[in-house]
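Below: one structure, written as structure tokens.
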Amino acid sequence: PIFSSLTSILLLTGCYQGGKIVINNFGLKKVISSISTIEFQYLSFGIVFLLIILFPLVAFTQHAKLILQFFGVILIFLSFFWWRDILTSTKKFNRIKNKENGIYFYLFLIFIFLFFLLSLSPLTSADVVDYHAGTALNILRFDQYKLFPEWFTGLQAGTGEVLIALGFSLGAEQFGSMVQFSSILTISGIIIKFSEKNNLF
């Protein structure tokens, strides 16, 4: 379980670093920073960009497991740059840390952290155990993205199962849950940006 959680965190921080590269190289920084705290958007952009590349490769080729493991290793490699930045510099968080925030702001951050801890828990909900995880496992079993007409709930699978399969391919069970957690971070960045102008906290 600890290995699974740590690998999931490494994959997630790799997506963060990938999103940072995408935003900086595609000239999106100014647009995004006008509506959100940009550090909160790197993760979502990294995940979306990863899906844009990964889903067609998995859906239309016969070597899905190898492709997923390859991209997983790249994400883990990218995560080391994120950890290096965190350990060598705290400038990234000074914008948030140095503000005169009230107790509600810190309660808001604690609330986000508790959701992060929740995303590290094992997969137990009915739809996840049925078709989300089931489709992801089938991608790895059959080495391609397959849908079976006799499995009614399995037909509801979409692009997200590719990310779950990516996590499973490296033993990171919680990666799919942590991807969902990233949506909370995306919304939080918009709320924090809004609070700067309107003194929300």
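The values are calculated or read from the model by the stated rules, or taken from the named source; none is laboratory data. As the structure is a computational prediction, the values presented were derived from the model and not from experiment. Reconstructed Cβ throughout: ideal geometry from the backbone, glycine too, with neighbour counts over all protein chains shown. To get the accessible areas, we keep the full protein, side chains included, count just its heavy atoms, and leave off ligands, DNA and RNA. Shrake-Rupley method; radii C 1.70, N 1.55, O 1.52, S 1.80 Å.
Against the list (1) within 13 Å of the chain's Cα centre (by Cα); (2) of a type in the set (Gly, Ala, Ser); (3) surrounded by fewer than 16 Cβ atoms within 10 Å (Cβ to Cβ), the condition SER8 fails is (3).
Residue-by-condition table, conditions (1) acidic (Asp, Glu); (2) touching a helix residue (DSSP H, G or I) at 6+ places or on another chain (Cβ under 6 Å):
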site	(1), (2)
ASP130	yes, yes
ALA133	no, no
LEU137	no, no
GLN144	no, yes
GLU150	yes, no
THR153	no, yes
ILE164	no, yes
LEU170	no, yes
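Sort through ILE112, ILE35, ILE53, ILE47 and tell me the only one that's at pLDDT below 95 and either buried (at least 20 other Cβ atoms within 10 Å of the Cβ) or in a helix (DSSP H, G or I) (or both). Testing whether each residue is at pLDDT below 95 and either buried (at least 20 other Cβ atoms within 10 Å of the Cβ) or in a helix (DSSP H, G or I) (or both) leaves just ILE112. The conditions of being farther than 16 Å from SER169 by Cβ, in a helix (DSSP H, G or I), open to solvent by 20 Å² or more (accessible area, probe 1.4 Å) and touching a residue at least 12 places away in the same chain (Cβ under 8 Å) are met by LEU78.
If you filter region 115-128 down to residues that are closer than 19 Å to LEU10 by Cα and in a helix (DSSP H, G or I), you find that the one that is least open to solvent (accessible area, probe 1.4 Å) is SER119. Among residues of region 143-166 that are closer than 22 Å to LEU11 by Cα, those with a beta-carbon under 9 Å from a residue that is acidic (Asp, Glu) and open to solvent by less than 50 Å² (accessible area, probe 1.4 Å) at least six positions away or on a different chain give the pairs TYR145/GLU161. Residues considered: ALA157, ALA126, ALA133. Of these, the only one that is modelled with pLDDT of 90 or more, of a type in the set (Gly, Ala, Ser) and at negative phi is ALA133. Among the residues making up region 11-32, those that are over 17 Å from MET178 (Cβ atoms), of a type outside the set (D, E, K, R) and part of a helix (DSSP H, G or I) are ILE21, VAL22, ILE23, ASN24, ASN25, VAL31, ILE32.
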